[in-house]
Each structure stands twice: as C-alpha cells, then as structure tokens.
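As structure tokens, the structure follows; a few thoughts come after it.
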Amino acid sequence: MKIARIETFLAPPRWMFVRVETDEGVVGWGEPVVEGRAEPVRAAVEVLAEHLVGHDPLRIEDHWQVMTKGGFYRGGPVLSSAVAGLDQALWDIKGKTYGQPVHQLLGGPVRERIRAYAWVGGDEPSEVRDAVSAQVEAGFTAVKMNASGRMTPLATREEVRACLLRAETAREVLGDERDFALDFHGRVSPANARRLLPLLAEYAPLFVEEPVLSEHMHAVPDLVNASNIPLALGERLFTRREFLAPLQAGVAVVQPDISHAGGISELRRIAALAEMYGAHIAPHCPLGPVALAASLQVAFTTPNFLIQEQSIGIHYNKDAELLDYVADREPFRFDGGSLLRTERPGLGVDVDEAAVRAADAKGHAWRNPVWRYEDGSFAEW
C-alpha cells in the first residue's frame, strides 16, 4: 500500500482538514491548523507531502522522524501543526487497515469514558452565571472560562475583583461537586498572576490555565509556590522537550494540542514524560471533530489523563459547529458530561467529505482579535 494523494481543506469557522488517500482506497483524515495562520500550515502540508506520496503509510514513526527532522531548520507552530495533522491521518489509515481503533494499536484502553468540559467564555463577568447554568443543564460536570478580559500589566482593584467575581459566581452555580477551570490566556502578567492566585484559592478551581505566557517560563516556579491551585499550560508548546521545564517547575497539568504538538505520536510521548513527574494531561482542543477524535484515542489509552477540552458551543464557532462535518454523530454523544469509548476503526470519526469539500469552496480567513490598551499600546488577547 502506498500514499497516492494528499489534499487540504479550509473549513469554517477556523479549521483545516487533511485527507490522505492510499492506492488501495483507504483514506485517513487529520486536522493540521494554527488558529489564525491556517494558510501557512496548508503550505507546510504541501511541502511535507513530498516526503509521503509514494511511500507506505503504515511506517508512521519513520515518517514522523523525517517530517520533523528531515529539514535543517526544525520546529515551530506551523511545521509542528502540519506534522500533527498528517500524523493523525496516518494513524487513521493504520487503524482502518487493521480494523481497529487507534487506542487498541497504542496498547489498549485504560478507561471506558472520557470526562470533558464545556467552554463558557468569561470575557464578560455578567454572562458567567447564565452560561455556567446552561452547561450544568446540558449535563457537564466541568466548565472552563476566561479569568478576565483585557488586563493592565499591574491590575487595578476593579480588575482583580472582576476576576474573583467570575470564580465566585461559577462556584455558586456549580456547588462543590462540579469543577471549573480558569484560563489566564496569557493576558495576565507575572505580577498579576502572583497577586491573583492566592486570592482565587478559596474557590478551588480545578486548575488555572496558562498563568503566564510561554516566554515567561522562568516565572512558573514562583507561581507554583504562590498558591495551592494546580497550574496548567502547554497549548503553545510543541515538543516534549519544551514541556520538560514546566514539569520540572511543578506544573500539575500539561495541555498539548494534538493539532499543534506533533499529533498522536508526540502527544503520547508528552503524556509519558508528564507521568514521570506525577502530572496529568488535559489536551487542548478548541478545534474540529477530527482533532477531538484523535485526542480521545490518546486519552483512552493514557493512565495520567485528566479531562478533555471540546468545542461544542465555544464562542469561536460562528459559521459552523463541531459536528457539522461528521456523517455520524454517535461517537460524539455525551453521557453525563463524558464521551464513551467505541470500537470504530481508526480515529472513529466518519467525516462528511461532501460537507468538507463544500466548506473549502467557501474557505475562511479567521484571525484572532488584536487588543490595545487605552493609550493605544498592544495588549495580549
């Protein structure tokens, strides 16, 4: 069996799919994208396709090594995301070839269900109560929200209180038996993080995500010691080597994204590294159905898995929803806020190819907002 053709499709709201077809008719799907930079990733997939077309799709590890190390210049979000989507598609082909779900090829399942959380925004504190209540009604046992909107480098008392009010409101709605996580989203400076974390402790968040930007990794050890709240990060890290420093600093939860951090192959290695430090993984996944399906395959076979992000109802999904591009929604049916294990081969997702091709005809050019402070200077989004 040989790889015969590789195609990419831009699909609203901000996703991209890759289709890898073999000369025996087996087709694998992946999701290679950097949100807001889909076009460069598409070009990177085209370049990497030169290494794959005409070769055996089942030699996944060898292809991964060549795609990540075959060029003199390596790494970065664009290349890692292109590799990630192609890696997902190759695992999908392998599972379909052997008639097995990918989690069986990775050693077999260690759990029967995957707990997931729902997004509730949080940029506006006035919206938190209704948004959290709606997700509780939908059956979710955990939610995540932004801890703030735009935040000045040294927060005012009003900004601090607004952050605390979000946490207090979420806890009131959820009670003690459900969880919420707060995403600092890189909007919070190291000084603000040191101030906020001890104040948030009484509301017992499941974790605080991205307490500082990845380029401020030197601040993480102090933040770990500043509060008893578990800290999480990793959506902007792309290799197991980049996860070593935060794990050594005491981060409790790592959040690699299966569409950014080298795909299924590398996500497995990141999880194994985290296990050595007693840390858990909560894969980042505010993307489409193929990325979620691939994340679930890893989660089912990973002992130190914690909780899964998913994008149903997320505020980015304005032109399409998570399940608009799948022909069978059953694998994505929630049961008590969890997704159940299936034995469908490959990634377990039945992509609606006609819908994907129609979406690509329209395409998208999604870009994240650019925020500014009142004086006109740049502010982190």
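The values are calculated or read from the model by the stated rules, or taken from the named source; none is laboratory data. Just so you know, these numbers come straight off a predicted model, no measurement behind them. Cβ: placed from backbone, ideal geometry, glycine included. Neighbour counts: every protein chain shown. Side chains included, ligands, DNA and RNA excluded: accessible areas come from the protein's heavy atoms. Shrake-Rupley method; radii C 1.70, N 1.55, O 1.52, S 1.80 Å.
One table, with the values for the structure above:
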read-out	value
Pro303 vs. criteria within 13 Å of the chain's Cα centre (by Cα) and in contact (Cβ under 8 Å) with a residue 60 or more places away in the chain	no
Positions within the range 307-320 being open to solvent by 40 Å² or more (accessible area, probe 1.4 Å) and either without any contact (Cβ under 8 Å) to a residue 40 or more places away in the chain or hydrophobic (A, V, I, L, M, F, W, C) (or both), in sequence order	Ile312
Filtered residue count, the range 155-169, keeping only those that are more than 19 Å from Val132 (Cβ to Cβ), in a helix (DSSP H, G or I) and not β-branched (Val, Ile, Thr)	3
Tally, over the range 249-259, of residues that are closer than 12 Å to Leu306 by Cβ and either among the β-branched types (Val, Ile, Thr) or buried (at least 24 other Cβ atoms within 10 Å of the Cβ) (or both)	3
Qualifying residue in the range 117-133 (condition: among the polar types (S, T, N, Q), surrounded by fewer than 23 Cβ atoms within 10 Å (Cβ to Cβ), part of a helix (DSSP H, G or I) and out of contact with any Asp or Glu (no Cβ under 9 Å at 6 or more places or on another chain))	yes
Complete set of residues in the range 136-190 that are among the basic types (Lys, Arg) and open to solvent by 40 Å² or more (accessible area, probe 1.4 Å)	Arg150, Arg157, Arg161, Arg178
First in the range 138-153 and farther than 16 Å from Gly121 by Cα and free of Cβ contacts under 8 Å to residues at least 40 places away in the same chain, second anywhere and open to solvent by less than 40 Å² (accessible area, probe 1.4 Å) and in a loop (DSSP other than H, G, I, E, B), Cβ under 6 Å, 6 or more apart	Pro153/Ser189
Candidate set from the range 270-296 (those that are assigned to a strand (DSSP E or B) and free of Cβ contacts under 8 Å to residues at least 40 places away in the same chain); member that is nearest to the chain's Cα centre (by Cα)	Ile281
Condition check for Leu267: assigned to a helix (DSSP H, G or I), open to solvent by 10 Å² or more (accessible area, probe 1.4 Å) and without any contact (Cβ under 8 Å) to a residue 40 or more places away in the chain	no
Residue under evaluation Ala355, criteria (1) part of a helix (DSSP H, G or I); (2) over 30 Å from Ala89 (Cβ atoms); (3) of a type outside the set (Ser, Thr, Tyr), criterion not met	(2)
Those residues of the range 201-248 which are part of a loop (DSSP other than H, G, I, E, B), open to solvent by 20 Å² or more (accessible area, probe 1.4 Å) and of a type in the set (D, E, K, R), in sequence order	Glu235, Arg236
Some residue of the range 104-112 being free of Cβ contacts under 8 Å to residues at least 60 places away in the same chain, basic (Lys, Arg) and out of contact with any strand residue (DSSP E or B) (no Cβ under 6 Å at 6 or more places or on another chain)	no
Qualifying residues in the range 271-306 (those that are aromatic (Phe, Trp, Tyr) and open to solvent by less than 20 Å² (accessible area, probe 1.4 Å)) - the one nearest to Gln104 (Cα to Cα)	Phe300
Flag for Thr68 being of a type in the set (Ser, Thr, Tyr) and more than 25 Å from Arg236 (Cα to Cα)	no
Subset of the range 356-367 [open to solvent by 60 Å² or more (accessible area, probe 1.4 Å) and under 23 Å from the mean Cα position of the chain (by Cα)]	Ala365, Arg367
Residue list for the range 321-374, restricted to those being without any contact (Cβ under 8 Å) to a residue 40 or more places away in the chain, farther than 20 Å from Gln100 by Cα and of a type in the set (Lys, Arg)	Arg333, Arg372
